[in-house]
1. Near the amide H of LYS14, under 5 Å away, which other amide H atoms are found, from residues 5 or more places off or on another chain, if H is placed in the peptide plane?
2. Report the percentage of all Cα-Cα pairs in the stretch 9-59 whose separation exceeds 12 Å, rounded to a whole percent.
3. Using 0.36 nm times the number of residues separating GLU28 and ILE40, minus their current alpha carbon distance, what extension gain do you get?
4. Quote the FRET efficiency, to the nearest 0.05, computed for ALA80 versus ARG112 with a Förster distance R0 of 35 Å and r equal to the Cβ-Cβ distance.
5. Enumerate the amide H contacts of ILE67 below 5 Å, restricted to partners 5 or more residues apart or on another chain; note that Pro and chain-start residues carry no placed amide H.
Amino acid sequence: MATKNTSYPRTKIKILLLENISDSAVEELRAGGYADVEKINGALSEAELCEAVKGVHLLGIRSKTQITKKVIESADRLLAIGAFCIGVNQVDLQAATKKGIAVFNAPHANTRSVAELIIGLCVMLIRKIADKNAAAHRGEWLKRKKEVSSYAAKRWASSAMGTSARKSRRWQSRWGCKSSTMTSQPSCRSVMQNRSAS
């Protein structure tokens with residue numbers, strides 16, 4: 001992190017990070033000249049937060065911490081809230097805006113994890129893992145060739161258009177899969193037609 005001059009000395013800016021935010025974030029901030037960085041491993045209750053935010057300039061949270069109007073009113077020096085997660089629905093944005101507190105997030109932070117989950121679930125569906133697991137618990141061993149299908153070279157349709165969906169489509173293409181994005185929900189008939197055609 002570059003140590004450019006700021007209008008307020010970095011050594012006097014107090015930063016509070018909650019919910020076990022990575023140690024590398026603390027190191028990066030300290031390397032950038034922010035000396036007063038406190039890290040708390042868990043989330044705090046509203047009453048605890050009201051006390052903890054006093055004198056804090058920058059607050060780093062994750063999705064469990066709820067920044068209510070009462071917490072914002074208790075914050076006497078708060079300039080910004082950084083949500084180390086995708087959304088900001090845990091922050092009372094109206095109260096923050098009214099007090100001039102900037103709220104930002106990391107919308108692409110979990111896209112790789114979500115894309116991996118999408119691919120994993122697709123493999124489980126095409127390989128019928130849930131059915132085979134249930135059968136194995138009943139004492140049946142489904143190992144017939146017709147029960148097995150390959151993930152590669154399939155056509156996939158997705159109604160999702162976000163970053164995770166784009167990333168998973170890129171990975172699918174590496175496996176020789178063709179994918180298309182639907183702008184509306186398909187009917188059951190069109191799904192069955194597509195399934196029989198593949």
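Since every read-out is calculated from the coordinates, none of them should be taken as a lab result. All of these numbers come straight from a predicted model, not from anything done at the bench. Every residue, glycine among them, receives a Cβ derived from its backbone with ideal geometry; neighbour counts consider all protein chains shown.
1. HN-HN under 5 Å from LYS14: HIS57, LEU58.
2. 62
3. 2.7 nm
4. Between ALA80 and ARG112 the formula returns 0.85.
5. VAL91, ASP92
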